[in-house]
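Here the structure comes first, spelled out in structure tokens, and everything after it is commentary.
Please treat every number below as a calculation from the coordinates, not as lab data. Owing to the predicted nature of the structure, the values given are computational and were not obtained by experimental measurement. FYI the Cβ positions are ideal-geometry reconstructions off the backbone, even for glycines, and counts take in every protein chain you see.
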Amino acid sequence: MKNSIFLVSVFLLLIWSGCSFIVDSSKRKADSAVSAVMQDSAMVTAARNYANFCASCHWDDMGWFKTHKWKYGNREEDIYNSIEVGYSDFGMLGYADTLSEKEMTNLAKFIYLKLELKEKEEFKKEQGLYVTEELQIRPDTIITGLNVPWGLAFLPDGDMLVNEREGKMLRYRNGTLLAEIKGLPEIHADGQGGLMDIRLHPDYKSNGWIYFAYTGVAKKGQKGWNTSVMRAKLKDNELVEKQLLFEGIPALTANYHFGCKITFDDKGHLFFGVGERGTMKKVHELSNDWGKVHRLNDDGSIPADNPFIKTPEARPSIWSYGHRNPQGLVVSPFDGTLWESEHGPKGGDELNLIEPGKNYGWPYITFGINYNGKIISPDTAMAGMEQPATYWIPSFAPCGMTFVTAEKYKNWVGDIVMGSLRFNNLVRVKLKDGKVIHKEALLNNIGRMRNVEESPDGFIYVSLESPGMIIKLVPVGE
Ligand code: HEC
């Protein structure tokens, strides 16, 4: 009896492995047929044309097409037509004068085939695996049921602190809610405002300081609210020894563009960005805190070598200015450089390498236009104003970001990964010598991504807004 069960099992196993071999090999054949076409010289030229003329707006990996709902059709002839006529109202000029008919035909075919290949990736994704250029990623859901999770910090005992924008600081242990932290200051949670980032002091283990950013309410006699930064310690899940380190001035009643991410360098300075609150050109006045990246010592005092410390009327915490809405902010653990991402208006989201005292130009220079389609500025460059390290049209609404340091992510090490609120994915930016050399959109449609952090044990965690959850990105073997 045992023998016959064994024989039947072996027989079934043979059939099963035979079938999967057939499925596999036919799939491989289809893949290699497409790959072969991709090698031919017309497609190689088309790839070059794509990189030259299209990738800046539609992304190197065509991620834009994957996240965008086709409006004008996705057959080869529709794509050809889009290339020929363009959509100038949306910033895409037609290419009839730039490319020959043959080049446009090949480009349309190239895009079509590339997106065909992408379909196969989507198939794998449904099975709980995302195939990306360098890695396969399995998203593991760690926490669910959150309401707009913003900041995320990892305590040395393995617990996680999660800030919800509406003003709650929550402590989780192994994915389960342990406590809601008490003793928070008064927070104005409305529009884009509320409780934002949270970050532990680099020497948290010895000093216990926790830093967090929120929309604070103006002192008596003033009207409105502004970005504030506080530090405190945790005792029995309550914030104690609270110190208000920064309170943006002047307060305003606008409910948008607050920033605000916090990051530390290795010299005990803390940096954070404050948004422009709709004040546009006023961000060039140094007597207010809007549209600036600020730097403080860890106790809130002003570092003696801040760039505007001797400028009359200037707010002494200013590190750089001319920003619209700084969302991501991170010091590179590799070389100490400071990187900031900010939202453009319609188009023109930026990644900036931030240097002290420099002017980043909003709204005098921008690659974006107004949401109503009107020009904000005809200029994308001007003397005395910095160019972004890279920019995006259309806007993907970059959010929290971090550097990848963990070796388990292999070729991602040294790259910046940033969340996209608008395209519901993660964007990986590869840097070399301070320059952006490649961009990839991955985990398409995973959800509206608010924040990205690397944990002390070297995993990338992302927070998603709707539905609100925390996900761990696990790299899966070759
Ligand atoms: C300056 C940015 C920009 C550049 C450069 C650009 N596009 Fe576009 N393109 C857009 C925008 C924005 C849209 C969406 C238009 C709309 O929503 O009506 C678009 C639409 C399209 C569409 C139609 C998508 C649909 O929904 O049907 C295709 C196809 C396309 N572009 C291909 C290309 C190709 C190929 C190139 C390079 C030769 C290119 N684009 C260059 C910005 C750009």
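For the reader, a short list of remarks on this structure follows.
- In segment 264-404, the ratio of gyration radius to Kirkwood radius, Rg to Rh, stands at 0.96 when only Cα atoms are counted.
- With bins 10 Å wide beginning at 0, the percent of Cα pairs of segment 216-339 falling in each bin runs 13, 42, 36, 9, 1.
- For segment 321-420, the list of trypsin sites (Lys or Arg not before Pro) that fall in a loop by DSSP and count at most 13 other C-beta atoms within 10 angstrom reads 374.
- In range of the label at residue 178: residues from segment 199-217 whose backbone nitrogen is under 18 Å from the point 7 Å along Cα→Cβ: 199-201, 204-211
- Estimated D of segment 40-127 in µm² per second, where Rh is the Kirkwood radius over Cα pairs and Stokes-Einstein applies at 4 °C, 1.567 mPa s: 96 µm²/s
- Neighbour-count ranking [beta-carbon atoms within 10 angstrom, fewest first] of 219, 281: 219, 281
- Average projected area [Cα convex hull, segment 61-185], square nanometres: 12.6 nm²
- Per residue Cα convex hull volume in Å³ - calculated over segment 124-183: 123 Å³
- Axis angle, to the nearest 10 degrees, between helix 101-126 and the longest C-alpha principal axis of the chain: 80 degrees.
- Packing here is the average count of other Cβ atoms within 10 Å per residue, and on that basis the peptides 232-245, 329-342, highest first, run 329-342, 232-245.
- Distance in nm between pseudo-label sites at residue 383 and residue 138 (7 Å out along the Cβ direction from Cα): 5.9 nm
- For segment 335-478, pairs of C-alpha atoms spaced more than 26 angstrom apart make up 28 percent of the total.
- Hull volume per residue, based on the alpha-carbon atoms of the chain and their convex hull, is 179 Å³.
- Ranking of 169, 43 by neighbouring Cβ atoms within 10 Å, starting from the fewest: 43, 169.
- Extension gain (nm, one decimal) between residue 457 and residue 280, 0.36 nm per residue minus Cα-Cα: 59.6 nm
- Theoretical ellipticity at 222 nm over the chain - DSSP helices of four or more residues, -39500 (n - 2.57) apiece, nearest 500: -6500 deg cm²/dmol
- Helix 76-85 axis, angle to the chain major axis (alpha carbon atoms, nearest 10°): 40 degrees
- Sorting 294, 269 by the number of Cβ atoms found within 10 Å of their own Cβ, with the fewest placed first, yields 269, 294.
- Listed cross-link partners 109/430; 410/432; 66/109; 358/432; 410/430 are compared with a 20 Å cut-off, the Cα-Cα value being larger for 109/430; 358/432.
- With the simple model of a label 7 Å out from the Cα in the direction of the Cβ, residue 405 to residue 466 spans 3.5 nm.
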